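Structure first, then comments.
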Amino acid sequence: MNRTTQITRTSTVSSADGTPISYQTLGAGPDLIVLGGNLRTSQDYLPLASVLARSFTVHVVDRRGRGASGPQGPRYDLGKEVEDLLAVQEETGARLAFGHSYGGLVVLETARSSQVFERIAVYEPGVPVAPVPTRWMAPYRERLAAGDPYGAFAHFIRGSGGAPAFMAKMPHWYLRTVLRIGFRGPSWQRMRPLLEANLAEHEQLAAQHGRLALFADVTAPVLLLCGGRTRPASRAEFGVVRDTLPHATLESVPGLGHFGPEGKTAPLVAERTLRFLLQ
């Protein structure tokens, strides 16, 4: 990163229930909040934020249950995430927001209930159009309780509906072995502590089915991004979300999948986002 995109500070704000919410700040310009998805921390979005920071003061949030933020808590639900985002928004004064996956759902839910954002960009937001698969959740919970994170993650991959077809068809024992052998790097070290939060967040995703029409209350202009390599059925669902939002544009980013805002492909998402937010 160059001098203008280095992290300038790490801050913490108290949410409505007292939970500390941590966020990292970089760049200069109008304030922009970045909110990430399941099984991800703020570190995963720094490549995205470093490009956005050319034009904005970017606040990359560690949602509750990860990083330096507090735990989800026993009464966790989507409403807690909205309170957390509003606390960061009030502290920073940000009128712009970017959300990925579950973070995109949180941003849109916040915009639906409180008109604090002037423009919003979301990448494959977790707004359910069809019922969310839940059969994997019970065995996932059992494997976590047994101290078997690879076994739990294998149930998630096979049952949640987001994995490539060839992985979803692998026998559980075989996929668990593959993960145990090949999935050991820094990304797994960041992901492993988030497995319990992942379950709670997907339970909330499942609970949102049937609420799609409520997002017609989002009055801010929205850029809805999806990956060109994302499954056609999912891309069709994002079209339904676009048609529900009153002021939304849907754009596909060629060559990307669901995890486009992370790593080497993050600049592609950031450039689309910059063009929209700077209008």
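On average, how much accessible surface per residue is there in the chain, in Å², for a 1.4 Å probe, leaving out ligands, DNA and RNA?
Working: 12310 Å² over 279 residues.
Here the per-residue accessible area is 44 Å².
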Residues whose modelled amide H sits under 5 Å from the amide H of residue 253, counting only those 5 or more places away in sequence or on another chain, are 226, 227, 228
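What relative contact order, as a whole-number percentage, does the chain give when Cα pairs under 8 Å and 6 or more residues apart are counted?
Values: 547 pairs, mean separation 54.0, N = 279.
Worked out over the chain, it gives 19 percent.
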Of the accessible area of the chain, computed with a 1.4 Å probe and all protein chains kept, carbon and sulfur make up a percent value of 52 percent
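Compactness ratio of the chain: Cα Rg over 2.2 N^0.38 Å, N = residue count?
Details: Rg = 17.9 Å, N = 279, 2.2 N^0.38 = 18.7 Å.
Cα-based Rg divided by the globular estimate yields 0.96.
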In degrees rounded to 10, the 0-90 angle between helix 149-159 Cα long axis and the longest Cα principal axis of the chain is 80 degrees
With a Förster distance of 22 angstrom and the Cβ-Cβ distance between residue 118 and residue 243, calculated FRET efficiency to the nearest 0.05 equals 0.50
For segment 78-214, the Kirkwood Rh over every pair of distinct alpha carbons, in Å, works out to 16.5 Å
Percent of all Cα-Cα pairs per 10 Å bin for segment 160-279, counting from 0 up to the last occupied bin, reads 10, 29, 39, 17, 4, 0
Computed over the chain: longest principal axis from alpha-carbon atoms vs helix 172-182 long axis, angle to nearest 10 degrees, is 60 degrees
Here the gain from full extension of residue 177 to residue 189, 0.36 nm per residue of separation minus their alpha-carbon distance, amounts to 2.6 nm
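The values are calculated or read from the model by the stated rules, or taken from the named source; none is laboratory data. Please read these numbers as outputs of a predicted model, since none were measured by experiment. Note that we place each Cβ from the backbone using ideal geometry, even for glycine, and neighbour counts take in every protein chain shown. The protein model used for the area step is the full one, side chains on, heavy atoms only, and it has no ligands, DNA or RNA in it. Shrake-Rupley method; radii C 1.70, N 1.55, O 1.52, S 1.80 Å.
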